[in-house]
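Everything below concerns the one structure shown next.
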Amino acid sequence: MSLPIIDPDAPNPGPSVPDVDGKAKGSYAFVSLGCPKNLVDSEKMLGTLAMDGYSLVPDPAESDFVIVNTCGFIESSRAESRSVIQEMLDLKRAGKTRGVIVAGCLPERLEEGGLASEMPEIDHVVGVFGRDEISKVADRLLGGINEQRELFRPAPIQALDDRARLRITPGHFAYLKISEGCNRTCTFCSIPMMRGKHITKPIEMVVEEARELAADGVRELNIVAQDTTYYGMDLYGETRLVELLQELDKVDGLDWIRLMYLYPEHFTDELIDQIVASPKVLPYLDMPLQHISSPVLKRMQRRVNGEQTKELVARLRERVPNLVLRTTFITGFPGETDEQFQELYDFVAETRFERMGVFTYSKEPGTPAVKLDGHLPEDVKESRRDALMKLQQQIAFEHAESLVGYELDVLIDDQVEDNVYIGRSFADAPEIDASVFVSAEGLEVGSMVPVEIVRREDYDLIGVAHQAELID
């Protein structure tokens, strides 16, 4: 298995926290799994450990202890988390590391005590909201204190402060979490069980964190939450995403603001107006829809129906120039009929999403959908997913082909070989979308350059940089 182990010596690892004088208290390796929201938690733990005098090393076999920040969203992610934990425990048995700390969503997903009972060699278990205590847990481990193995904190009543992170994204882009948890009751989803109720991070705190990130060289800010359009409802009594974006527009140094995880409910005309008017918010909207059939959406408890969804998509297409839409769908939800799947297939064919992911429904213990009737065989769920993805592949290829001959601003993420760089246009979110391969000499990672697109290779674009026109 190729593990996502954090390498402190990697080129351009992102901004650092203040140096700590004196000898390190101990060395540790860190494995971060899961979504961007989990990654922010990883970065916060890394920053806390660094400021408390711990030294990050790239090789778990040369560390005093290993931290695995886990994902527990669906069974495949839980299986990956368990596999990584087991690999780290094997190193401990071999005497190559002294201890293993498990953090994040997997412990929250299981019953308290479940993970420690399942893997008793784990030294300490830290839940999602115990992340700020990670240094104390490390102190106990290296001090040989193992009586209190599990640290679970209740969901906070106010947002956690994500400043002073040790980022593991490249220096020019970052994720900014604007809220925690979710108030939705989608019948297939386990997020509220792991991350609790929605808690809005105050506008002032979000803006201060954005300023901190911009001062460290961030040009692209990727806004993440479990339910971005709900932002502000719990704290202010009304949604306040528009006001937040207006304030973020004023942050010096930011070029791109990308909106992720926008729920279709609360997507107001004022929000659309702000997206269009903003000099920094990209016309790239990540809006997970999950289905289009109204009966399926009702069983999912999505609180929007098919007609409302179609009306919103049409309104966005009409009003947002150069719009790129990313969405996700679930195939094989309990009770989904052939006709309802065909309705979804036709909707995708008509709407032509530029970016799309499809997942088969999976039974998540503790979620209401498990008790629904009409569960479908795996082969049916998978064949429907494959049919949608085959359709989407052709749509994505045609979209990429339509960009040939145009000039796009490209943010350079890395150099892959002599005079060849890899970057992204406004239409590509980090780590999940396509890339732009750029021919040029002497570009810097993190620079933004106009690129003439000359051809397509599968999902990716190939272009030539206009280096005389580097964008400051």
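The values are calculated or read from the model by the stated rules, or taken from the named source; none is laboratory data. Keep in mind the model is a prediction, meaning the values are calculated, not measured. Counting neighbours? That spans all protein chains shown, and the Cβs are built from the backbone with ideal geometry, glycine included.
Summary of computed values
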{"item": "Hits in segment 179-221 (condition: charged (D, E, K, R) and closer than 26 Å to Asp373 by Cα)", "result": "Arg184"}
{"item": "Total residues in segment 166-211, condition of a type in the set (Lys, Arg), surrounded by 21 or more Cβ atoms within 10 Å (Cβ to Cβ) and over 16 Å from the mean Cα position of the chain (by Cα)", "result": "1"}
{"item": "Within segment 405-433, tally of residues that are crowded, with 21+ Cβ neighbours inside 10 Å and within 21 Å of Tyr175 (Cα to Cα)", "result": "10"}
{"item": "Which listed residue, of Val416, Val370, Val380, Val358, is of a type in the set (Val, Ile, Thr), in contact with a helix residue (DSSP H, G or I) (Cβ under 6 Å, 6 or more places away or on another chain) and not assigned by TED's automatic domain parsing to the domain that holds Cys35", "result": "Val358"}
{"item": "Selected residue [surrounded by fewer than 18 Cβ atoms within 10 Å (Cβ to Cβ), under 30 Å from Leu282 (Cβ atoms) and touching a residue at least 12 places away in the same chain (Cβ under 8 Å)] from Arg326, Arg385, Arg319, Arg355", "result": "Arg319"}
{"item": "Conditions (1) part of a loop (DSSP other than H, G, I, E, B); (2) in contact (Cβ under 8 Å) with a residue 60 or more places away in the chain; (3) not polar (S, T, N, Q); number of the one not met by Asp409", "result": "(1)"}
{"item": "Criterion violated by Val404 - all others in (1) part of a strand (DSSP E or B); (2) more than 18 Å from Leu282 (Cα to Cα) satisfied", "result": "(1)"}
{"item": "Candidate set: segment 64-107, residues that are small (Gly, Ala, Ser) and in a strand (DSSP E or B); chosen: the one nearest to Arg195 (Cα to Cα)", "result": "Gly104"}
{"item": "Helices (runs of 4 or more DSSP H) within segment 154-260 that include 3 or more residues aromatic (Phe, Trp, Tyr), within 28 Å of Arg303 (Cβ to Cβ) and in the same structural domain as Ile74 (by TED's automatic domain parsing)", "result": "none"}
{"item": "Residue within segment 238-253 that is touching a residue at least 24 places away in the same chain (Cβ under 8 Å), among the acidic types (Asp, Glu) and surrounded by 22 or more Cβ atoms within 10 Å (Cβ to Cβ) present", "result": "no"}
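Listed here are the residues, each with its yes/no results for (1) at pLDDT 95 or above; (2) under 30 Å from Thr337 (Cα atoms); (3) among the aliphatic types (A, V, I, L, M).
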residue: Asp379; (1), (2), (3): yes, yes, no
residue: Met389; (1), (2), (3): yes, yes, yes
residue: Ile395; (1), (2), (3): yes, yes, yes
residue: Glu398; (1), (2), (3): yes, yes, no
residue: Glu407; (1), (2), (3): yes, no, no
residue: Arg424; (1), (2), (3): yes, no, no
residue: Leu443; (1), (2), (3): no, no, yes
residue: Val451; (1), (2), (3): yes, no, yes
